[in-house]
Amino acid sequence: MELNELYREVILDHNRHPRNFGRLDPADALANGHNPLCGDKLTVTLSLQGDVISDLKFDGNGCAISVASASLMTEAVKGRDRGSVSAMFDKVHALLTQADAPSADLGKLAALSGVREFPARVKCASLCWHTLNAALANADAAGTAAVSTE
Amino acid sequence: MSTPYDVQRIRADFPILQQQINGRPLAYLDNGASMQRPQAVLDAVNYYETHLHSNVHRGVHTLSQLATDAFEAARERVRRYLNAASTREIVFVRGTTEAINLVAQSWGRSTLEAGDEIVISALEHHANIVPWQMACASTGAQLRVAPIEADGSLNFEQYLALLGPRTKLVAMTHISNVMGTVLPVQQIVAAARERGITTLLDGAQAVAHEPVDVRAIDCDFYAFSSHKLYGPTGIGVLYGREALLQAMPPWQGGGDMIRTVSYQSSTWNDLPYKFEAGTPHISGAVGLAAAMDYLEALGLPQVAAHEAALLAQATAALTDIDGVQIQGRAAHKGGIVSFTLAGVHPHDLGTILDHEGVAIRAGHHCAMPLMDLLGLPATARASFGCYNTPEEVDQLVRAVVRAREVFC
């Protein structure tokens, strides 16, 4: 395994300059994510237009993998409907955990493929997606929820 | 001690250190989490398993007697290591965590009343916080936290100010697993005992790094884990003053801890067996005894001096790196250096260091309240043992510089 497979330039860039960083206020839904193992914490806020995520932001603190993954996620899912977000999460999850997982239509998210060589870090990369799912699950009730990757 | 400290000879005793990680020589600097075992410990465990094993305190057959002898010899070894008055004061448990839980459940629940107070320090590991919170929840007692100074030392005056008529227990770490602070345990205990307050020390980070004499410290309870003393996992020790242990109720029921059992009721075995329900980790105790033999043959003062030199080297070199902030600058520290690197999360640091063959701990170190106090989500921590070398400290420092290059 090579370090530059994990810390690709895209990941370093999104860690240094996270996109869509902050909170929407008001938001249609909010969820907090926490990885108790490493203390990574992040919050996802989003706005919905019908079934489409019209806007979303994240904030919190965590390692480069967790921050970059969240930043890349916000870029990737903005403007998508729930169905396609869910399909994308499945693909990202496969990318993070399975060798030879296809990454053709994942765009910049494909930069996360190096994470699978570092099993201890998979949770860092998936925390934002679990948190997004929790936010979507809360959207109808406009509630809040906390998820944990432990 | 006339022979100089020969770290290369010591390293040769530890087979696990003779390997490469990610193509680099392993620099094992995660001794605060768990230490490696010398061949003497591996051999002692293997000999026990190969020749001596049966259950203890039960059979009349030869192996049962041999196993019992080995187990009780280990208890005597621990007694000598701690300079306890009697083997009745040496209770084998799974580790520090179980030792503290034993005291919290048995002593705590039978002694504490609503409004009583337990004083801990701000430095504590979760293992010396959560059991007391559980005891407080069931008794109505309250937890009080003695604050620390910015350098990680205990604010002794505020500690004294917390000791009041309702204080029933002082439970503190001997050496902080995060900041490395060596607490003035003798003074802490003396102040408590003057006021009739029971004392417990979490010795997990201390017991392999400086001589521990429970009678000189004069504490009521002392807890530690074997695997932080070059011994096997799954075994540890609770030292308890005999009079206190005698008065405490058992906390787990079962075999070995009873004298008589009927369907209506039971009576308890003598100390320390009253607190050792079920078949113990016999080979673990044997391994721990071998580890104590090994460490005392090296000489604890010599090991402590060696680790102090590594700490001084690491502290100076890390301080020189732009962006490095060391957490814990107390005057009296054990071989632990926690630090952060600006712009690099400790987990990324840990991964990059691992790539360079350097094993450290990155995280909250099971001390989340202390991390909150420091305003940090995590730190990187290098911790030293008898087998670490100045070259390994150099390797650590080079890897931290490399991490800076990758991220900054």
Where a residue in segment A:8-33 is acidic (Asp, Glu) and its partner, wherever it lies, is in a strand (DSSP E or B) and surrounded by 15 or more Cβ atoms within 10 Å (Cβ to Cβ), with Cβ under 9 Å and at least six apart: A:25/A:45; A:28/A:45; A:28/A:46; A:28/A:47; A:28/A:48
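Say whether the condition of being away from chain B (no Cβ under 14 Å) and crowded, with 23+ Cβ neighbours inside 10 Å is met by at least one residue in segment A:14-29.
Residues of segment A:14-29 that are away from chain B (no Cβ under 14 Å), as a first pass: A:19-29.
So of that shortlist, the ones also crowded, with 23+ Cβ neighbours inside 10 Å come out as A:29.
Yes, some residue in segment A:14-29 is away from chain B (no Cβ under 14 Å) and crowded, with 23+ Cβ neighbours inside 10 Å.
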Identify all residues within segment A:33-65 that are polar (S, T, N, Q) and touching a helix residue (DSSP H, G or I) at 6+ places or on another chain (Cβ under 6 Å); write none if there are none. A:35
Is it fair to say residue A:76 is at pLDDT below 95 and closer than 20 Å to residue A:31 by Cα? no
Number of the condition not met by residue A:117 [criteria: (1) touching a residue at least 40 places away in the same chain (Cβ under 8 Å); (2) more than 14 Å from chain B (Cβ to nearest Cβ)]: (2)
Within segment B:382-405, take every residue that is within 14 Å of chain A (Cβ to nearest Cβ) and in contact with an Asp or Glu (Cβ under 8 Å, 6 or more places away or on another chain) and give me the one that is surrounded by the fewest Cβ atoms within 10 Å (Cβ to Cβ). B:402
Looking at the structure I just gave you, is residue B:358 in the same structural domain as residue B:24 (by TED's automatic domain parsing), touching a strand residue (DSSP E or B) at 6+ places or on another chain (Cβ under 9 Å) and buried (at least 20 other Cβ atoms within 10 Å of the Cβ)? yes
Counting just the residues of segment B:304-327 that are β-branched (Val, Ile, Thr) and over 30 Å from residue B:236 (Cβ atoms), which one comes out surrounded by the most Cβ atoms within 10 Å (Cβ to Cβ)? B:324
Within segment B:290-303, which residues are touching a residue at least 12 places away in the same chain (Cβ under 8 Å), surrounded by fewer than 17 Cβ atoms within 10 Å (Cβ to Cβ) and on the phi < 0 side of the Ramachandran plot? B:293, B:296, B:301, B:302
List the number of the failed condition for residue B:258; all other conditions in (1) among the hydrophobic types (A, V, I, L, M, F, W, C); (2) in contact (Cβ under 8 Å) with a residue 24 or more places away in the chain; (3) out of contact with any His (no Cβ under 9 Å at 6 or more places or on another chain); (4) over 18 Å from residue B:174 (Cα atoms) hold. (2)
Consider only pairs whose beta carbons are under 7 Å apart and that are at least six residues apart or on different chains; among these, list those whose first residue lies in segment A:49-60 and is in contact (Cβ under 8 Å) with a residue 24 or more places away in the chain and whose second residue is assigned to a strand (DSSP E or B) and among the aromatic types (Phe, Trp, Tyr). A:57/A:21; A:58/A:21; A:59/A:21
Selection from segment B:102-147 of residues that are surrounded by 19 or more Cβ atoms within 10 Å (Cβ to Cβ) and free of Cβ contacts under 8 Å to residues at least 40 places away in the same chain: B:104, B:131, B:132, B:135, B:136, B:139, B:141, B:146
Out of all the residues in segment B:190-198, is one or more surrounded by 19 or more Cβ atoms within 10 Å (Cβ to Cβ), of a type in the set (S, T, N, Q), assigned by TED's automatic domain parsing to the domain that holds residue B:133 and over 17 Å from residue B:127 (Cα atoms)? yes
Given segment B:1-116, what helices (runs of 4 or more DSSP H) lie entirely inside it while holding 3 or more residues that are in contact with a strand residue (DSSP E or B) (Cβ under 8 Å, 6 or more places away or on another chain) and closer than 18 Å to residue B:238 by Cα? B:62-82, B:96-102
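The values are calculated or read from the model by the stated rules, or taken from the named source; none is laboratory data. Bear in mind that the values here come from a model prediction, so they are computed numbers and not experimental data. Here the Cβ is made from the backbone with ideal geometry for all residues, glycine too, and neighbour counts use every protein chain on show.
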